[in-house]
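A quick write-up on the structure given underneath.
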Amino acid sequence: MNCAKVMDMIYEFSGRDNDVSMPLSSQIQVWLHALMCQNCAREIERFEISKSVMRNDFFPSSPLHEDYIMARITSAHEHEEIAESDAYAVPGGISTRNWIIAGIIILISLSTIFIGFDFQTLADETGISFLLPIGITVGIILTIYCALFIGSHLKELTERFGL
């Protein structure tokens, strides 16, 4: 049996509950290997010492501190429930009416781009290939605006449409 397998067995059975112990055959194999291999014997001893330090001395018990932590957890849970109910009522946020007014202004401004003096001459000079990038730009702007509107009013829209 090699050192890696022995250490894997030690680590495997040390992480389990106290009720589950290493089988007798594995204990004998580990003991025999530790008897022959001084490096593994030292490593097992260091591991056992550090395990006992972590179990007993690392976190001293403090009953008063436990009560304080549990009270903080309970109050944090109550605050989360209140915050979840008020999460969509952002003070100073943009209302639905203002979003719709801004959307109408954007739509009107995007559609009136084509009514300029220079646009007709530019469109005549460049031909139909000029309208494709403008159409894509208008589509991207409207898509981004609608996505932001839906994303910021998701709760209201799901309640209104029963989704």
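The values are calculated or read from the model by the stated rules, or taken from the named source; none is laboratory data. Note that the coordinates shown come from a computational prediction; the quantities given were computed from them, not determined experimentally. Cβ placement follows ideal geometry from the backbone for every residue including glycine, while neighbour counts extend to all protein chains displayed. Heads up: the accessible areas ignore ligands, DNA and RNA and are worked out on the full protein's heavy atoms, side chains in. Shrake-Rupley method; radii C 1.70, N 1.55, O 1.52, S 1.80 Å.
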Q. Can we say Arg16 is over 27 Å from Gly151 (Cβ atoms), modelled with pLDDT under 75 and open to solvent by 100 Å² or more (accessible area, probe 1.4 Å)?
A. yes
(Q) Any residue at all in the range 119-132 that's in contact with a helix residue (DSSP H, G or I) (Cβ under 9 Å, 6 or more places away or on another chain) and either under 30 Å from Thr96 (Cα atoms) or modelled with pLDDT of 80 or more (or both)? (A) no
